[in-house]
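To start, the structure under review is shown below, and the notes come after it.
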Amino acid sequence: MELLLDHLGMGRWSLLHISAGMLGQALGSMQALSGAFMAPMLNYTCRLPTLASPLHNMSVPPETFHRIPGDECSFIVNGLHGEEQRPCTEWDFDNSSFASTITSEFLLVCGRTYLAPLHQSLYMIGSSIGAIFGGILSDKFGRRLIIILGLTLFLMIAACSSWLPNLSLIFIARFCIGFIYVTYIQSVYVIVMETVPSWMRATMGILVAVGWALFTIVFGGLGYMLREWRELQMVSSLPFLLVVPLLLLLDESPHWLMVQGKEEAVLKVVTRAAALHKVDLPSDSVDKLMKEINSMKKNKTKENQTQVWQQLKNKVLRMLVLFRTPQLRCRTLVMCFDFFTASVVFFSLCLGAVNLSADPYIYMALSGLVEIPSYFLMGPLVARMGRKGPAIGSFLFAGITILVLPAIPSGLWQVNMAMALLSKMAISGVLIELFLYSSEIFPTEIRIQGLGTGMFLSRVGSIISPFFNDLLVPLFPMAMPLGVGGMCIIAGLLTLLLPETKGAKLPDLIEEVEGK
């Protein structure tokens, strides 16, 4: 199949799959980062009651209300029974940047403050669970079916969530959006990789990241024009309609069809691809492909026939192998910390529009813009300098630029934002590089487990980053530079323990990692 796809080359058929995949991937950035505009932390003040004591009894002294300095969750009442403290039930919000948000509409303040970052984290939790099932469902039912069902459900739930009347339903929808997005996007990524020539696969990783960055810029512009959160949610969902016509033209992955032993379906797909690319199918390649399919049908492994829950159990058991030997344990722990740190820093900087800039919309657009050069530069950089040096340098640079933020005078918000964006550029590059580095640092027999464990830790980082950003930083402003910046420095220093993999033979066995 590899040789046949290389022979077909690039053309309308492969570009069709690339367009559908990249557009579906890129549009998801607006939903993933929506918490920055829809459920931000806002300044608020307690709205004091305006009613005095009953007018029918003028002998009763009127009640007076007073604010408590530094406390916007309660107020003081002076009345007939002396001084009394009462909880505040209404608030006035700072609407200078946002006209309407989930925070202001559902009063996510005081004892309900934690619900604002929970809105963002539920998307990440859904994504984490979706990542577990996405690959299994795609392998069982096919890439095309999961993509079509996933994108359809995603569009329906994302659009309908703008009309939901209560917070519980919004949170359920938020979780489902994250779950469905990652479930179908895994199939999107795989079908793109399985329908392009081998020499185009490295470029696809960059295109995925660049698409995400471009629509982050678009989301900054949409947020500026649409200050009502329900309008923004609806409009940011509608672009998915652009993908729907492309879905009807998609073919199933020829790789998946081959593994399933469907000879006629494979032949139909590659024949259509050859017609669209205007190339002839070599008869010897087709004969070889048919023999491959028949061989796979006869030697189908037991793992392909296991149930979903058994596959999940096997995944957990295989993860434990990563800690079996000293060298492997060191590599696993360092790589997991690197993934976790990169994710915490990336999403803290993405969602920190309110804390890191006077204008959250400009910040969001620029945060997407600075990702683009980092993605294009990281490829040539790791090819020339190796994997270890750029990873260490990027972590240390991001950490240093974050650590200097407290030294910038409060009036120079432009300088503060510039330093935060430089950190974002550095951490975006290292986050992409870690996927390459981790795929080379683990032996073949557990490479997937190593990469999967690192990705799981990165998702844990994305779940806690909204709470870190919205709850901890406002209480302890130094938590951002010291916590996030310090984690970057530690990650850079720990990466010194990892070996350089440029030009090195990929290890196949655990014994090779231990030097035995």
Accessible surface of the chain, 1.4 Å probe, proportion on carbon and sulfur as whole %: 68
Label point distance in nm, Arg329-Glu83, each placed 7 Å from Cα along Cα→Cβ: 6.0
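Work out the FRET efficiency for Leu15 and His66 from their Cβ-Cβ distance, taking R0 = 60 Å, and round it to the nearest 0.05.
On the way: r = 68 Å, r/R0 = 1.13.
It comes out at approximately 0.35.
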Estimated FRET transfer efficiency when R0 is 60 angstrom, pair Leu248-Arg384 (beta carbons, to 0.05): 0.90
Leu149 accessible area, assembled protein chains, probe 1.4 Å, Å²: 90
For the chain: Kirkwood Rh in Å [reciprocal of mean 1/r, alpha carbons]: 25.4
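Could you work out the Kirkwood radius for segment 376-464, taking every pair of different alpha carbons, averaging 1/r and inverting it, reported in Å? Could the numbers behind the result be given before it?
Numbers: mean 1/r = 0.0681 Å⁻¹.
Roughly 14.7 Å, rounded to one decimal.
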Cβ-derived FRET efficiency at R0 56 Å, Leu241 paired with Ala504, nearest 0.05: 0.75
Surface per residue (accessible, 1.4 Å probe) for the chain, Å²: 46
Length released on extending from Glu90 to Thr152, taking residue separation times 0.36 nm less the Cα-Cα span: 18.4 nm
Leu5 accessible area, assembled protein chains, probe 1.4 Å, Å²: 10
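From the cross-link list Lys388/Lys505; Lys140/Lys502; Lys140/Lys278, which pairs have alpha carbons spaced over 27 Å apart?
Numbers: Lys388/Lys505 16 Å; Lys140/Lys502 36 Å; Lys140/Lys278 32 Å.
Over 27 Å apart, Cα to Cα: Lys140/Lys502; Lys140/Lys278.
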Order of exposure, largest accessible area first, which applies to Phe75, Phe435 with probe 1.4 Å: Phe435, Phe75
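Quote to one decimal, in nm, the extra length available between Glu514 and Glu231 on full extension: 0.36 nm per residue of separation minus the C-alpha distance between them.
Length difference between fully extended and current span is 96.2 nm.
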Of the DSSP H helices in the chain, those whose Cα atoms cover at least 24 Å axially and whose Kyte score averages 0.5 or more: 115-141, 143-160, 167-193, 201-225, 326-350, 413-441, 447-467
Separation of the Ser198 and Glu263 label points, Cα + 7 Å toward Cβ, nm: 2.5
For the chain, Cys with no neighbouring Cys Cβ under 4.7 Å: Cys160, Cys176, Cys330, Cys336, Cys350, Cys488
In nm, spacing of pseudo-spin labels at Leu412 and Ser74 (7 Å Cα→C-beta vector): 4.2
Intensity falloff of segment 439-515 expressed as log10 I(q)/I(0), Debye formula with alpha-carbon point scatterers, at q = 0.14, 0.17 Å⁻¹: -0.65, -0.82
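The values are calculated or read from the model by the stated rules, or taken from the named source; none is laboratory data. The shown structure was predicted, so the numbers you read here are calculated from the model rather than taken from an experiment. Note: ideal-geometry Cβ built from the backbone for every residue, glycine included; neighbour counts use all protein chains shown. To get the accessible areas, we keep the full protein, side chains included, count just its heavy atoms, and leave off ligands, DNA and RNA. Shrake-Rupley method; radii C 1.70, N 1.55, O 1.52, S 1.80 Å.
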